[in-house]
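Asker: Mind having a look at this structure? Questions to follow.
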Amino acid sequence: MKPLEIHMFPCLSDNYGYLIHDAEHDLTATIDTPSAGAILAALETTGWRLTHIFNTHHHPDHAGGNLELKEQTGCEIVGPRADAARIPGIDRQYGDGETFQFGGHAVHVYDTPGHTTGHIVYHLPDDSVAFVGDTLFSLGCGRLFEGTPAQMWDSLQKLMRWPDDTLLYCAHEYTQANARFALSVEPNNPELVARSMQVDGLRAKDEPTVPTTLALEKATNPFLRPASAEIQEAVGSNGEDLVEVFARTRALKDNF
Ligand code: ZN
Ligand code: FE
């Protein structure tokens, strides 16, 4: 099996667009559709023919280009069963624990409610990559627009069970702002301090901080670290209930 090819490009103000390509089967999927124009331009650059859209959730910066791309390319739209009514043009629906084939590549779907009720993520275990939408960001996590802290913590724990070397492709470049908050609740985490400096260096050169790895996020992302004594102290919780620590961390970030 040839390795999956991934083409990444900036979209809108702070989204990332992703095309994934299975050369053997001539299949190309876009992860979400932040901008039909930017995705069509990326298809032009790569010379790939769009066959699929994999949606993570219904927000306009993720599904807004669905209908235009479907009309222009005839591609098939894959998305969350739990939110099918809000995914424009959806053809195939998947939910928690279901898998499908993208050419030679297995794709595992997980429900990750929290940011929205119907959010899903796509894990390609043989390729050690995952597309996590607005569930997890480097040093952050999605805002809880529709879900509870308990739901989001449960969703994040699903991701934490993947292998540590999994490359995580999140949908936004929010890392530098996330780092400032992370340092405010865990200033003595040496790996976080090092990551923050690395992020500043990358952003100064206008380079992406994405993808990240699960290992790095487990070591530095405050939303995956409610067991950290330093974070517990910063948010004013004794840590008996990790959901409560997570909820307080999320609330602090909302007002940071
Ligand atoms: Zn969103
Ligand atoms: Fe988004």
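The values are calculated or read from the model by the stated rules, or taken from the named source; none is laboratory data. All values reported here derive from a predicted model rather than from experimental measurement. Because the Cβ atoms are built from the backbone with ideal geometry, glycine has one as well, and the counts that use them run over all protein chains shown. For the accessible areas, the whole protein counts, side chains as well, though only heavy atoms, and no ligand, DNA or RNA atoms are used. Shrake-Rupley method; radii C 1.70, N 1.55, O 1.52, S 1.80 Å.
Asker: Which one is surrounded by the most Cβ atoms within 10 Å (Cβ to Cβ) among residues in segment 208-247 that are farther than 17 Å from GLN157 by Cβ and hydrophobic (A, V, I, L, M, F, W, C)?
Answerer: It comes out as VAL235.
Asker: If a residue has to be under 20 Å from VAL129 (Cα atoms) and open to solvent by 20 Å² or more (accessible area, probe 1.4 Å) to count, how many in segment 23-36 make the cut?
Answerer: 5
Asker: ILE90 fails exactly one of the following numbered conditions: (1) closer than 25 Å to TYR174 by Cβ; (2) part of a loop (DSSP other than H, G, I, E, B). What is the number of that condition?
Answerer: (1)
Asker: Which residue, of ILE20, ILE6, ILE53, ILE39, is away from ligand 2 (no atom under 16 Å from the Cβ), on the phi < 0 side of the Ramachandran plot, open to solvent by less than 10 Å² (accessible area, probe 1.4 Å) and of a type in the set (Val, Ile, Thr)?
Answerer: ILE20
Asker: Which residues, taken from segment 56-86, are surrounded by 19 or more Cβ atoms within 10 Å (Cβ to Cβ), of a type in the set (Gly, Ala, Ser) and not in a helix (DSSP H, G or I)?
Answerer: Keep residues of segment 56-86 that are surrounded by 19 or more Cβ atoms within 10 Å (Cβ to Cβ), which gives 56-59, 61-63, 65-66, 69-70, 73, 75, 77-80, 82-83.
Now narrow it down to the ones that are of a type in the set (Gly, Ala, Ser): 63, 65, 79, 82.
Matches in segment 56-86: GLY65, GLY79.
Asker: Answer yes if at least one residue in segment 125-145 is within 16 Å of ligand 1 (Cβ to nearest atom), under 24 Å from ASN55 (Cα atoms), surrounded by fewer than 16 Cβ atoms within 10 Å (Cβ to Cβ) and not charged (D, E, K, R), and no otherwise.
Answerer: Yes: segment 125-145 contains one or more residues that are within 16 Å of ligand 1 (Cβ to nearest atom), under 24 Å from ASN55 (Cα atoms), surrounded by fewer than 16 Cβ atoms within 10 Å (Cβ to Cβ) and not charged (D, E, K, R).
Asker: Let me ask another. Please pick out the residue among HIS25, HIS57 that is of a type outside the set (Val, Ile, Thr) and under 18 Å from the mean Cα position of the chain (by Cα).
Answerer: Working: HIS25 fails: under 18 Å from the mean Cα position of the chain (by Cα).
Exactly one of HIS25, HIS57 is of a type outside the set (Val, Ile, Thr) and under 18 Å from the mean Cα position of the chain (by Cα), namely HIS57.
Asker: With the requirement that a residue be away from ligand 1 (no atom under 16 Å from the Cβ) and touching a residue at least 12 places away in the same chain (Cβ under 8 Å), what does segment 54-83 give you? Give the steps one after another, and end with the answer.
Answerer: Let us first name the residues in segment 54-83 that are away from ligand 1 (no atom under 16 Å from the Cβ), namely 67-78, 81.
If the condition is that a residue be away from ligand 1 (no atom under 16 Å from the Cβ) and touching a residue at least 12 places away in the same chain (Cβ under 8 Å), then LEU67, GLU68, LEU69, LYS70, GLN72, THR73, CYS75, GLU76, ILE77, VAL78, ARG81 are the ones that fit.
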